[in-house]
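Data block below; observations after.
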Amino acid sequence: MSVTIDGIVREAKDGELLIDAINRAGTALSQVCYHPQLGSIQTCDTCMVEVDGNLARACGTTVSGGMVISTASKKAGAAQRQAFDRILSNHVLYCTVCDNNNGNCTIHNTEKLLAIEHQAIPYHSKPYEEDPTNPFYRYDPQQCILCGRCVEACQSVQVNETLSINWEDAHPRVLWDGGAAIGESSCVSCGHCVTVCPCNALMEKSMLGNAGFFTGIPKTALHGMIDVVKGVEPETGYEAILQLSEAEAGMRESRIRRTKTVCTYCGVGCSFEVWTKDRHILKVEPLEGPTNGISTCVKGKFGWDFVNSPDRLTKPLIREGDKFREASWTEALSLVARKFAEIKAKDGPDALAFVSSSKCTNEESYLMQKLARAVIGTNNMDNCSRYCQAPATQGLFRTVGYGGDSGSIKDIEAAGLVIIIGSNTAESHPVLATRVKRAHKHHGQKLIVSDLRENEMARRADLFLHPNPGTDMIWLSAVTRYLLENGLAKTEFLNQWVNGLEEYKKSLDPFTMEFASKACGLSEDTLKQVAHMIAEASGVCVLWAMGVTQHTMGSDTSTAISNMLLVSGNYMRTGTGSYPLRGHNNVQGASDHGAMPNFLTGYQSVNDPEVRARFEASWKVPLPSAKGLDNHEMIDAIHQGKLKSMYLFGEEMSLVDSNANFVSDGLSKLEFFVVQDIFFSHTCQFADVILPASPSLEKDGTFTSTERRVQRLYQVLEPLGDSRPDWRIIQDIANLLGAGWHYSHPSEIYREIASLTPMFAGVTYERLEGFKSLQWPVAPDGSDQPLLYTKHFAFPDGKARLFPLKLTELTDQPNAEFDLHLNNGRLLEHFHEGNMTYRVAGIREQTPDTFLEVSPELAQERGIQSGTWVQLTSRYGQVRVRALVTGRVTGNQLYLPMNSTESPVNRLTSSHTDLITHTPAYKEASVHLKVLENGESPLPRQNSRFGHPTPQHGVEVERKWKRADYSLPGSDLVQLRTN
Ligand code: SF4
Ligand code: SF4
Ligand code: SF4
Ligand code: FES
């Protein structure tokens, strides 16, 4: 349709907001509360325009064909200025001495646009103090213009439901949990509110006193300067004040760098700009990331102090007896190369093994496996997907062909029903969880959660299943059988797209409703309800994680999920599909880029002669064809005396592998062990040489997120001290062994990867510039596939395969001696064992230690309180930890988060594994609990888990409009088609 904007006919889209059409036309219109990612809030009234002669808010009006709009008529202009005048009565324009004066302040820029010289309504202060009680940001009510962007972000994007505005109060302000101090509220410090605040009312503490040239001066002097600015305004007007502040903002550009990066923590793949002044991180600014937009969690927004930690390794270290001494790079690298060459000559190439990092870049994983294969001559190469995601990949290889998420996070948002199995999504993949929470809260999406704990997603679910531990495969198979037997399967889809139905049906014989109900501890009615919800949904997405994969049946349960999706016709369109949620930022990429014992890049098999021939021609060496050792087999091979040397980078293997005592014992037996890391990790203590590496902020490269999304990260800071990017170190070692590599930038490495890998044929650094991204597979012309399987499945005949399954016995089950089931997983604030996040002061303040979740029933039975020290003993080891009594767990089930190096859960787990992939069965563990002395609660009062959220439907501006002192700006405003 077309509309006329300021006399020019413009195209407009049916149903879009008028403000979007105006902005697309490039017409400058004031708009303080509107943010495209938040939608229409309608609190500020600065976007008043004339529509067919009547005043209306452009952000509250839906376009219709033929509309005639004037943004600059006398009436519209007067209304805009009146609205902005009201805003200035809540906000002092002291821009020159404000840390938010960086060229992007909405208030400053709106003042300039509307060119208001003098305020009609004078500024009036509010009777509230600044609130500095959150470690990462502060709220200044005196500068708050009550636009409500923060409330909308918290209620409707992050959906933590902490923020509201008390519109009925004489002096409204933003409230946390209805009026608590921020530090005692349910705020999870995700930073959404700070990111979207259009002024300096909410600001990162790392900005304060640091961004401006004059903002670091003592507070009294600063207040004096603010008073001077206020004093001159009546005489000079705002124009002179703005000119001065703009000159100061311009000066800032010379010393503040804004660099795009990708988050180093989880696999969601959030990207953002990092603002730095020298090595000081001023702030993280998310805005344009294809996955996250304005969203982050506490780790991505505020979790970067570790980069400048004094604990960073900055010099190579060489073991001398029980100690390490500093060494030069030349000495350390020569020693590594000499020892690798000696061991290879003495015991053969398979006496060495290589472990790549899921925290490092694709290019670095590629070089590590090239070093292993082309320089040493072994396929003993793996990465930590062995510990978590290999079974999910296996389940998808068996059924649909590609080992990655079948769609994007946008597809998950579009689903009619989301089923989450064995994933604490709100804590482990926080930004992805926000999309599900939003769709569930605002768009009628249904949610089923199957978990042992009543985590946040379980609390929000329409149906929460609490099956017996390790039985998800059984209920999934029974539900699938029920779909097939009750006319609820998608027969047409099965006939056209799926092979193996008859054999699969036979394999379902044991999985009756009756059997499943008994084995899983779920009623038959509940299981039937699940089946009907699946059959009735417009589309089903299943999300799963380590609660599924870290079992003896990890691969089979993943397969059962995909079988169920095929039978219910939930592939090949948006809002459907399988989503194994990748844990680390680049665990997907490490596997994709060949850090596996059986695959070269892009899952090309090492025993395929055609594949090997292609790599041999490029690398100019013969390559080994037999599958190498995986992580699990490496430890066994050390104990058996077959494996003599290991080179591991960016992995805390001695704590994160299961049966940690056995693993540590193995590592200590290595003849020569090289560890490359940014800190002296627990694993470093077993090393012979330690090489200091650079974290993601100190290098260029690419990461691949859970959506198969390849994104570029740019170097933000120089490597600290003598540390070096991993790709440089690997290249140096390869060259000392005679490799003759000449990569001067990771882009050159990627060019080689693309030339050897059909899956990445069209990936280039140019196509990934800035915030651009590609979701593999990428064709040579650069076209990618956000949604897999639109035309066919990834098998030669284009059809998916139903994969028959059998039951397997669970391991390490409770008995009279080890009577409690022990579950484990992540916490929102800490990443994994916490090597990085414990070095972030604010995170440490809020979550200083790990804790054992104990159910109220068990606590009462054993006399345990929050803070009681307990000793857990399993068949494999012992830890001491403080209890936290919580209804999140029930009965005899315990939960121990993995964020501890002192009480690591893996001292308790076994060496049992998933039968297919050797992923440890971490979730099958039983312990004996002994109560020790009482102590302090392991969680301080300022932890968000003690807060009391205040859910409401967004900012609720209607309550503002009902105030006696509120009137619409402009004399004759008429509401047109408002939301
Ligand atoms: S949870 Fe906290 S940081 Fe996140 S949007 Fe809400 S108030 Fe802001
Ligand atoms: S604190 Fe919230 S309501 Fe106040 S100006 Fe910032 S975003 Fe708007
Ligand atoms: S959700 Fe994951 S990728 Fe996004 S900011 Fe948090 S840790 Fe980083
Ligand atoms: S931008 Fe439209 S009311 Fe604020």
Inter-centroid distance (Cα atoms) of segment 739-753 relative to segment 239-281, Å: 31 Å
Residue among LEU629, PRO848, THR706 farthest towards the positive dipole end of the chain, charges placed on Cβ: LEU629
Long pairs among LYS410/LYS699; LYS410/LYS446; LYS112/LYS301, criterion Cα-Cα beyond 18 Å: LYS410/LYS699; LYS112/LYS301
Options GLY762, MET546, THR291, ranked by Cα towards positive dipole end of the chain, top entry (Cβ charges): GLY762
Only Lys, Arg (+1) and Asp, Glu (-1) charged, at Cβ; the chain dipole about Cα centre in debye: 700 debye
Antiparallel bridge percentage (DSSP; both residues within the chain; nearest 5): 55 percent
Rounded to whole Hz, the Karplus (6.51, -1.76, 1.60) HN-Hα couplings of segment 842-856, x for glycine and proline: x, 5, 4, 5, 7, 9, x, 7, 7, 7, 9, 6, 10, 6, x
Segment 14-31 - phi-based ³J(HN,Hα) in whole Hz, Karplus 6.51/-1.76/1.60, Gly and Pro as x: 4, x, 7, 6, 4, 4, 5, 5, 5, 5, 5, 6, x, 7, 6, 10, 4, 6
Charge-dipole axis of segment 2-125 as Lys and Arg at +1 and Asp and Glu at -1 on Cβ define it, positive-most pick from TYR34, MET48, CYS105: MET48
Summed residue charge, Cβ within 10 Å of ARG875's Cβ, Lys/Arg positive, Asp/Glu negative: -2
Part-to-part distance (alpha-carbon centres) for segment 613-646 and segment 514-591, which is given in Å: 34 Å
Degrees between helix 74-88 axis and first principal axis of the chain (Cα, 0 to 90, nearest 10): 70 degrees
Distant-in-sequence amide H partners of ILE420 (H built 1.01 Å from N, under 5 Å): ILE448, VAL449, SER450, LEU543
Charge dipole magnitude, Cβ of K and R +1, D and E -1 - segment 569-701, Cα centre, debye nearest 20: 380 debye
Centre separation in Å (Cα based) which lies between segment 72-119 and segment 911-967: 40 Å
Integer Hz, Karplus 6.51/-1.76/1.60 couplings in order for segment 105-114, x for Gly and Pro: 7, 5, 5, 4, 5, 6, 4, 5, 5, 7
Dipole magnitude of segment 39-154, debye to nearest 20 (Cβ charges: Lys/Arg +1, Asp/Glu -1, about Cα centre): 300 debye
Surrounding net charge for VAL400, when Lys and Arg each add one and Asp and Glu each subtract one, Cβ distance under 12 Å: +2
The chain, helix-only ellipticity at 222 nm - DSSP H runs n ≥ 4, -39,500 (n - 2.57), divided by all residues, nearest 500: -8500 deg cm²/dmol
Shape of segment 275-395, Cα gyration tensor, a/c cut at 1.5: oblate
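Any read-out appearing in this document is the output of simple, stated calculations on the displayed coordinates, not a laboratory observation. Bear in mind that the values here come from a model prediction, so they are computed numbers and not experimental data. Because the Cβ atoms are built from the backbone with ideal geometry, glycine has one as well, and the counts that use them run over all protein chains shown.
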